[in-house]
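> The structure's right below; bear with me while I get my questions together.
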Amino acid sequence: MKFAVKAWSNGKARTGFLQLGNCPAAIDTPALLLSTRKGLPHFISPDLLPSLPSPDSHLLQFSPLHFLEGPSSKTISNIGGLQHLLGLHEYGFAAVARDSVQSLPECDATNKFGASFETTCGRRLIRPVEYIEMISSMKPDIWASLADEVPSWVSDKRNKTSVDRTVKWLDECIALNSTGGAVFGAIVGGNDLEERQRCAVEVVKRNVSGYWIGGFGFGESMDERPSLLDAVTDVLPEEMPRMICGLGLPGIVFQSFGVEVV
Amino acid sequence: MALRFEILGRFNRARAAQLTLPHFTCQTPLFMPVGTQGTIKGLTTQQLEEIGCQIILGNTYHLALRPTSELIDELGGLHKFMNWPRAMLTDSGGFQMVSLLHLADITEKGVTFQSPVDGKPMLLTPEESIQIQNRIGADIIMALDDVVKTTITGPRIEEAMYRTLRWIDRCIAAHKRPHEQNLFGIVQGGLDPVLRDICVRGLVDRNLPGYAIGGLAGGEDKDSFWRVVAQCTASLPEDKPRYVMGVGYPLDIVVCSALGADMYDCVYPTRTARFGTALIPEGVLKLKHQAMADDTRPIDPTCDCMVCRNYSRAYIHCLVTKDAMGSQLLSFHNLYYMMKLSRDLHSSIVRGQFPEFVRKFLLRMFPHGDVPQWVCNAMEVAGIDISSCCAPMSSPLTSEICEVGFTKLSEIE
């Protein structure tokens, strides 16, 4: 993965480009990730994908948890990773454990060992070691580390814990990682400015290729978001890409100045 | 008449032809996928063209209820409405009323049924069916016939056959666009050769652009099925297309083509796809089967379709019956298979290699030589020697020895 910033606005917004190994051309940022189900964009079969604008549509986000019911990591690995499994050789893939429909963080069941998700095959606790096993077999271009995402209404104590765990799991993910994909360090902290900043500062210290800003779309108000994002992006190094998910409607995306991949 | 039918090649009763319709020039034998409500479920019209579909079916009953034939007419006809540039066929609407509705009552006037909208009794007459189909604007429209279950016996069969003949005149009289749309008559008469013969002769007298063989593929035994097809194709005119309604199993299509039929339609390839079953030269492959979970091979290694070029059985297994994409990909593959079968039938007849094609087809589907007896009987009438495909001492056990996940078509008929 290659990333460079090309220009800044008067404020914090910036444009740049992202080059992923298999995409035919560099993708201009800010860029949209197409959401997928089991790796394919909803209802658009691979022969129809070229009818979408290129190269902008070549960035796909997927959840490794969609494959909990199979094929097994071993089978996916034998096939040669997600790109081969899906027959999408000129596309870039970004792995994020959660999505907004079929793999939802379940913070009450998350514990010190791993993050819990409500999935189509029931509630599942995913430990860093299992997450990395999935990542290693799927071989995405970019992957976000495992995060403990909590809704905005949890106690300060629980929110602090989520930051501690997310940072700890990042260390574990990096230590276990054996793939060539770019690691994006997960940043959480709910709607607490200090915790957001604390998490960002800790993640910046780690050896990562970019940042994944999580914990949005969990009950915080839209008015709170700009200051929370500011607190995070202020800390992040300028030359690295930033990815965010859970924002929802296009109008809301405009709030996210200073973030590359939505 | 708004079609031209030119026979390009023959083998005994089988024929390959070019059928020129207002919207497309088709090669027969051909299979027509069913797009009930103005869409083939899960596929775009662009994909259907890529797959090689030549004619698709629309169901008059569904289209008349929603969005209504008046609206389709106002928007320029069904071709424009669903963005399908090639040929189209609509049925009469009668079959759905009988098959979908419990309270359908057939009288001389027409088919009375309960409206699914408000429950009020409604009447579909032959005239009205044609008027609706004239508004929808398909290349081929079907006469309203009196449909009875094939498994029924007795005087009802005879009554239905004679009524179908009386109704065809009302359909012809009501048809307002004979130079743009082709009205096909439907041969009825159950499994009774005498009744079928009367019906064929009655319809042929009307000199219609094409003829359908109706009332089959409804649970009758296979020997009765092919005998009716053989009888009808033998007495229908050589220079008109023949359409066997409701036939969609690949084996049935091969047999009917050998007997001289040209066109087929069925929901089977797409419906079975939605239930997780793929059509392959060996029969069918059930993708839901646990054995598929870690199978890295394509559905059919000999298939060139987009799905087989890109996907493993393992990936399709994780999609089927859970994600819409599973239906989409399997429907694509199954229709590709049916179109390839149509093309192979056509080209093997044109090249004078039809018997070789039939033998190769049977050998792959029945590698142990257990070709069903009805197929052997039909092929004898078709004048195709398949003795090399049949095991001399076929034991009933051989059919059970097959790879995990494969099922013979005959088992699910």
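> Would you mind computing, in nm to one decimal, how far apart the modelled labels at A:Cys121 and B:Gln290 are, each placed 7 Å from Cα along Cα→Cβ?
Rounded to a tenth, the inter-label distance reads 1.3 nm.
> For region B:34-80, just list the percent of Cα-Cα distances falling in each 10 Å bin from zero outward, please.
For region B:34-80, the pair-distance distribution reads 26, 52, 21, 0.
> Under the Kirkwood approximation for Rh and a Cα-based Rg, what ratio Rg/Rh is obtained for chain B?
Ratio value, two decimals: 0.96.
> Quick one: compute the contact order of chain A, relative version, from alpha carbon pairs under 8 angstrom and 6+ residues apart, as a percent.
Averaging sequence separation for qualifying contacts and normalising by length gives 17 percent for chain A.
> Over the Cα atoms of the protein assembly as shown, each weighted equally, I'd like the Debye log10 I(q)/I(0) at q = 0.08, 0.12 Å⁻¹, rounded to two decimals.
-0.73, -1.14
> Across every pair of different alpha-carbon atoms, what Kirkwood hydrodynamic radius in Å does region B:1-93 reach?
14.3
> Given a Förster distance of 22 angstrom, what is the FRET efficiency for A:Ser100 paired with A:Ser51, based on the Cβ-Cβ distance and rounded to 0.05?
Rounded to the nearest 0.05, the efficiency is 0.35.
> Using only C-alpha atoms and all pairs of different ones, pull out the Kirkwood radius for region B:273-381 in Å with one decimal.
15.1
> If you don't mind, another one. Over the Cα atoms, compute the radius of gyration (one decimal) and Dmax (the largest Cα-Cα distance, rounded to a whole number) for region A:13-144, in Å.
Rg, Dmax (Cα atoms, Å): 15.2, 45.
> Kindly identify region B:71-112 as rounded, prolate or oblate by the Cα gyration tensor criterion: order the square roots of the eigenvalues as a ≥ b ≥ c, call it rounded if a/c is under 1.5, otherwise compare a/b with b/c, prolate if a/b is larger, else oblate.
prolate
> Next question, about the same structure. Compare the Cα positions of A:Val183, A:Pro50, A:Val204 along the charge dipole of the protein assembly as shown (+1 at Cβ of Lys, Arg; -1 at Cβ of Asp, Glu; about the Cα centre) and return the one farthest towards the positive end.
Result: A:Pro50, furthest along the dipole toward the positive end.
> Cross-link list A:Lys6/A:Lys205; A:Lys12/A:Lys157; B:Lys41/B:Lys149; A:Lys6/A:Lys168: which exceed 29 angstrom alpha carbon to alpha carbon?
Flagged as over cut-off: A:Lys12/A:Lys157; A:Lys6/A:Lys168.
> When DSSP assigns beta bridges and you keep just the ones with both residues in the protein assembly as shown, what percent turn out antiparallel, to the nearest 5?
So the antiparallel bridges amount to about 50 percent of the total.
> Need one number: % antiparallel among DSSP beta bridges in chain B, to the nearest 5.
Roughly 50 percent of the beta bridges in chain B run antiparallel, per DSSP.
> In addition: For the protein assembly as shown, build the charge dipole from Cβ charges (+1 Lys, Arg; -1 Asp, Glu) around the Cα centre, then report which of B:Pro241, A:Ala13, B:Ala314 sits farthest towards its positive end.
Working it through, the farthest residue towards the positive pole turns out to be B:Pro241.
> For peptide A:47-60, what's the mean number of Cβ atoms from other chains within 10 Å of each residue's Cβ?
Going residue by residue through A:47-60 and averaging, the value is 1.
> Among B:Ala14, B:Val284, B:His179, which residue has its Cα furthest toward the positive end of the charge dipole of chain B, with +1 on Lys/Arg Cβ and -1 on Asp/Glu Cβ?
So the residue we want is B:His179.
> OK, next. Once the Cβ-Cβ distance between B:Thr25 and A:Asp28 is put in as r, and R0 is 45 Å, what FRET efficiency do you end up with, to the nearest 0.05?
Computed FRET efficiency for B:Thr25 and A:Asp28 comes out at 0.50.
> Now for a different question. How far, in nm, would the chain grow between A:Met240 and A:Ser72 when pulled straight, counting 0.36 nm per residue and subtracting the alpha carbon separation?
Full-extension gain reported as 57.2 nm.
> About its Cα centre, what dipole magnitude does the protein assembly as shown give when the only charges are +1 on Lys and Arg Cβ and -1 on Asp and Glu Cβ, stated in debye to the nearest 20?
500
> I need the phi-derived Karplus couplings for region B:81-86: 6.51 cos²θ - 1.76 cosθ + 1.60, θ = phi - 60°, integer Hz, Gly and Pro marked x.
4, 9, 6, 10, x, 8
> Explain nothing, just compute: Karplus ³J(HN,Hα) = 6.51 cos²θ - 1.76 cosθ + 1.60, θ = phi - 60°, for every residue of region A:82-98 in order, whole Hz, x for Gly and Pro.
With coefficients 6.51, -1.76 and 1.60, one gets 5, 4, 6, 4, 9, x, 10, 7, 10, 10, x, 10, 10, 8, 9, 4, 8 Hz.
> May I ask you to evaluate 6.51 cos²θ - 1.76 cosθ + 1.60, the Karplus curve with θ = phi - 60°, for each residue of region B:180-193 and list the ³J(HN,Hα) values in order in whole Hz, giving x for glycine and proline?
So the J values, rounded to whole Hz, are 10, 10, 9, 8, 9, x, 10, 7, 10, x, x, 9, 8, x.
> Scaled to the compact-protein estimate 2.2 N^0.38 Å, what is the alpha-carbon radius of gyration of chain A, rounded to two decimal places?
0.94
> Would you pull out the residues with amide H under 5 Å of B:Ile213's amide H, same chain only if 5 or more places away, H placed 1.01 Å from N?
The answer is B:Val187, B:Tyr243, B:Val244, B:Met245.
Taken together, the values in this text are just the output of simple stated rules run on the coordinates, not laboratory data. Since the model is a prediction, treat every value here as computed from it, not as a measurement. All Cβ positions, glycine included, derive from the backbone under ideal geometry; neighbour counts span all protein chains shown.
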